[in-house]
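Heads up, the thing below is written out as structure tokens.
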Amino acid sequence: MKILGKSTSEHFDSFYSEIVTQIGEQKFVPSRILGRGYYQFEEQGPEIGLRTDLSRPYFEHQVAHELVHVLQRKEGWPRGVTRHPEGSPIAELGTFLVSMVLDLNVEERLKAWSFDSSYILKEQYRNLKKAVLDQNIPSLGSCRWRKGVMMYANASLTQPANKWDELRKLFARRAPHIEIKGEELVSILKGNGWDTADQALASLIAVRNSIGLLGEHLGIVDGRTGRRI
Ligand SMILES: [Zn+2]
């Protein structure tokens, strides 16, 4: 098939024909956010934004990833809501938190299909290494520190062992206040899990509370009941 003018492989096509029976046809558009794809609801309906600068294996992983998000939405997985304006630090923390937890599940489900997600892990490694070597280490309790501890936890759960070992040592040396909280988040995430919508809901609430974001700033919505927590 073709998506945004790019031809896909037979391997991808068989994945697509399977998932489309559960979620129906989707609308694809070029991503409006630099450097990442997304699944979101616009006034004219839901759409999947895609990076078009990726080579075919990475492009296919990206599409598959966003399609699993559509499936999660259909299954009633949780989402974040905030009154803070789009692009503000709190709204960005909310987006990062929800993506982190839901992505752990997306990638788990995609394992059976062996799509190549190495570009994400390489970008994540590069960004984190640059951030921890930066002179401007965030101060304890700031929004940048909250983002840092979530990036730490995310990388700890996704990076290959040798890369993570290197990053963890850099954090311990240069930003122990991020390492300590980051390790706490890793325990919270492993303790609550991300295999089911209930587990993801529990993980999201526990991480949000742990980094001191109150529900009035960042609400977590149970996708099955619409209840905001
Ligand atoms: Zn995602």
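The values are calculated or read from the model by the stated rules, or taken from the named source; none is laboratory data. Worth saying up front: this structure is predicted, and the values here are computed from it rather than measured. Glycine gets a Cβ as well: all are built from the backbone with ideal geometry, and neighbour counts include every protein chain shown.
Looking only at the stretch 80-102, residues that are assigned to a strand (DSSP E or B) and either more than 15 Å from the chain's Cα centre (by Cα) or within 12 Å of the ligand (Cβ to nearest atom) (or both) come to 1 in all. Taking residues in the stretch 150-171 that are among the basic types (K, R), and partners anywhere that are in a helix (DSSP H, G or I), the pairs with Cβ atoms closer than 8 Å and at least 6 places apart or on different chains are K163/L121; K163/Y125; R168/S156; R168/E179.
For the stretch 59-71, the criterion of being within 12 Å of the ligand (Cβ to nearest atom), part of a loop (DSSP other than H, G, I, E, B), closer than 19 Å to E107 by Cβ and not small (G, A, S) is satisfied by no residue at all.
Here is a list: Y119, Y152. Which entry is aromatic (F, W, Y) and buried (at least 20 other Cβ atoms within 10 Å of the Cβ)?
On the way: Y119 fails: buried (at least 20 other Cβ atoms within 10 Å of the Cβ).
Every option except Y152 fails the conditions.
Which residues, counting only those in the stretch 85-110, are modelled with pLDDT under 95 and over 23 Å from I178 (Cβ atoms)? Result: P85, E86, G87. Quick one: is R56 within 15 Å of the ligand (Cβ to nearest atom), surrounded by 12 or more Cβ atoms within 10 Å (Cβ to Cβ) and not assigned by TED's automatic domain parsing to the domain that holds E107? The answer is no for R56.
Scanning the stretch 16-40 for residues that are within 15 Å of the ligand (Cβ to nearest atom) and either under 17 Å from the mean Cα position of the chain (by Cα) or of a type in the set (K, R) (or both) yields S31, I33, G35, R36, G37, Y38, Y39, Q40.
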